[in-house]
Amino acid sequence: MLDLLITNATLPDGRTGMSVAVQAGRITEVTPGLTAAAGDTFDAAGYLLSPPFCDPHFHMDSTLSYGRPRVNESGTLLEGIQLWGELKPTLKIDDLIERALTYCDWAVAKGLLAIRSHVDTSDPGLLPVEALLEVKRRVAPYLDLQLVAFPQDGALRTKGGVDNLKRALDLGVDIVGGIPHFDRTMSEGAASVKLLCEIAAERGKFVDMHCDESDDPLSRHIETLAFETQRLSLQGRVTGSHCTSMHSMDNYHASKLLPLIAESGVSIVANPLVNITLQGRHDTYPKRRGMTRVPELMAAGVTVAFGHDCVMDPWYGMGSGDMLEVAHMGLHVAQMTSRQGMRACFDAVTTSAAKVMHLQRYGIEPGCDASFVLLQARDVVEAIRLRATRLKVWNKGKLLAESGPAIARLQLAGRPSQTEWRRV
Ligand code: FE2
């Protein structure tokens, strides 16, 4: 007997009337109209059953700290870093853990079951590392939390920055991070990219580096990251995050750079909500959007995913762990309005993000984990348009969260009695 049978589901690829059979936490069959005995049978009523959302770029040590000790008045990345620097000496481990766990509750309720979080390794005490390793252990039964050792104040700019990062790796942090554009000079930034990639190569780790998060078209650390990836045979193991300077680069340089990134197998994570918020702050008008060249990178064959980056922290006061909100903003900022473009935005917070994160057994096919989210939408485009309600969220066959459908009751003479904001 099956543990769970979901019937009459629509899948992200457009197949309708699909049944998904689950046994021992894995999907055993995906086929139309299956009937079989199951401990639990659920009729999806034609709604969209998607693999869970994945966030390939987040900061869980700073999340939900908005307003402490003050808000970011200029709205810039640099004031955010300064503000975080003011907050850091006051951090307590219990508070770090509780904020992160609360955010994980929000994430699960939004069908977000895999998060790659950077964790600040700048201070020798490594308190955020200790806290997030504990959070990782606690949420492991229901959420896949990957941690990146992130030298927020600059790997080479900070005294002992590289040693602190190495100690974080020793403690169990999974991935090597970086922030070359915050080192003191272009050459120091390039040196930090080289050094950090060498550390990853020596230790057999992945790399996920904040790279060129600025409007400066001459910030070209992504070039060094792509070069070092090839030199050290790290193809497929390296991610460049943000890469917003690419937005402002000369088109000729971009035409050389994009194939170089594709050739190196470096994946790119854009963070639409935060990029549109933090970038362009030194502009008058026109104000640049600041997000990297998403459709062009995709067309060049680069794996591109979208991250949330921040929720209610020194850099961004909004957010709720909703990756459909991220996809919605990405679609607008990148003007990805073709049907194919809109579907690519959904992939950017599901399958492409899972690829960046090297998730195993991800998807709705036999052998994959029985982890999925049922959305109050009939297809992926509608899911983005409505930032669809997560009706149900399962992890490995276990129901984790439920929400009531979003329906408005209407009292309009001669009109329907309710609406779900869908065309009839
Ligand atoms: Fe970030």
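The values are calculated or read from the model by the stated rules, or taken from the named source; none is laboratory data. In this text the structure is predicted, and so the values were computed from the model without any measurement. Glycine also receives a Cβ, built like all others from the backbone with ideal geometry; neighbour counts cover every protein chain displayed. Ligands, DNA and RNA are stripped out before the accessible areas are found, and what is left, the full protein with its side chains, is counted by its heavy atoms. Shrake-Rupley method; radii C 1.70, N 1.55, O 1.52, S 1.80 Å.
Please go through the stretch 1-18 and pick out each residue that is open to solvent by less than 50 Å² (accessible area, probe 1.4 Å) and of a type in the set (Val, Ile, Thr).
If the condition is that a residue be open to solvent by less than 50 Å² (accessible area, probe 1.4 Å) and of a type in the set (Val, Ile, Thr), then ILE6, THR7, THR10 are the ones that fit.
Give the number of residues within the stretch 401-421 that are part of a loop (DSSP other than H, G, I, E, B) and open to solvent by 60 Å² or more (accessible area, probe 1.4 Å).
Residues in the stretch 401-421 being part of a loop (DSSP other than H, G, I, E, B) and open to solvent by 60 Å² or more (accessible area, probe 1.4 Å): 9 in total.
Just name the residue that is nearest to the chain's Cα centre (by Cα) out of those in the stretch 75-84 that are more than 25 Å from GLU98 (Cβ to Cβ) and open to solvent by less than 50 Å² (accessible area, probe 1.4 Å).
Looking at residues that are more than 25 Å from GLU98 (Cβ to Cβ) and open to solvent by less than 50 Å² (accessible area, probe 1.4 Å), I get LEU77.
Which is under 25 Å from VAL139 (Cα atoms) and assigned by TED's automatic domain parsing to the domain that holds HIS308, of ALA388, ALA348?
Among ALA388, ALA348, only ALA348 is under 25 Å from VAL139 (Cα atoms) and assigned by TED's automatic domain parsing to the domain that holds HIS308.
Among the residues of the stretch 411-419, is there at least one that is over 17 Å from the mean Cα position of the chain (by Cα), of a type in the set (D, E, K, R) and over 23 Å from TYR47 (Cα atoms)?
Yes - at least one qualifying residue is present in the stretch 411-419.
Which residue is farthest from the ligand (Cβ to nearest atom), if the candidates are limited to the stretch 281-305 and must be touching a residue at least 60 places away in the same chain (Cβ under 8 Å), within 26 Å of SER338 (Cα to Cα) and not aliphatic (A, V, I, L, M)?
For the stretch 281-305, the residue satisfying everything is ARG288.
Enumerate the helices (runs of 4 or more DSSP H) found wholly within the stretch 118-234, keeping only those where 1 or more residues are crowded, with 17+ Cβ neighbours inside 10 Å and among the acidic types (Asp, Glu).
In the stretch 118-234, 221-231 are the helices (runs of 4 or more DSSP H) which contain 1 or more residues that are crowded, with 17+ Cβ neighbours inside 10 Å and among the acidic types (Asp, Glu).
Does SER219 satisfy being closer than 29 Å to LYS287 by Cα, among the small types (Gly, Ala, Ser) and more than 16 Å from the ligand (Cβ to nearest atom)?
no
Say we look at the stretch 19-47 and pick out the residues that are in contact (Cβ under 8 Å) with a residue 60 or more places away in the chain and over 17 Å from GLY397 (Cα atoms); which of these is most open to solvent (accessible area, probe 1.4 Å)?
Within the stretch 19-47, the match that is most open to solvent (accessible area, probe 1.4 Å) is TYR47.
Within the stretch 376-400, track down each residue that is open to solvent by 20 Å² or more (accessible area, probe 1.4 Å) and assigned to a loop (DSSP other than H, G, I, E, B).
ARG378, ASP379, ARG387, THR389, LYS396, GLY397
Look through GLY319, GLY363 and report the one residue that is in contact with a His (Cβ under 7 Å, 6 or more places away or on another chain), open to solvent by less than 30 Å² (accessible area, probe 1.4 Å) and part of a loop (DSSP other than H, G, I, E, B).
One residue alone meets the criteria, GLY319.
So which residues in the stretch 71-89 are part of a loop (DSSP other than H, G, I, E, B) and out of contact with any Pro (no Cβ under 9 Å at 6 or more places or on another chain)?
GLU73, SER74, GLY75, THR76
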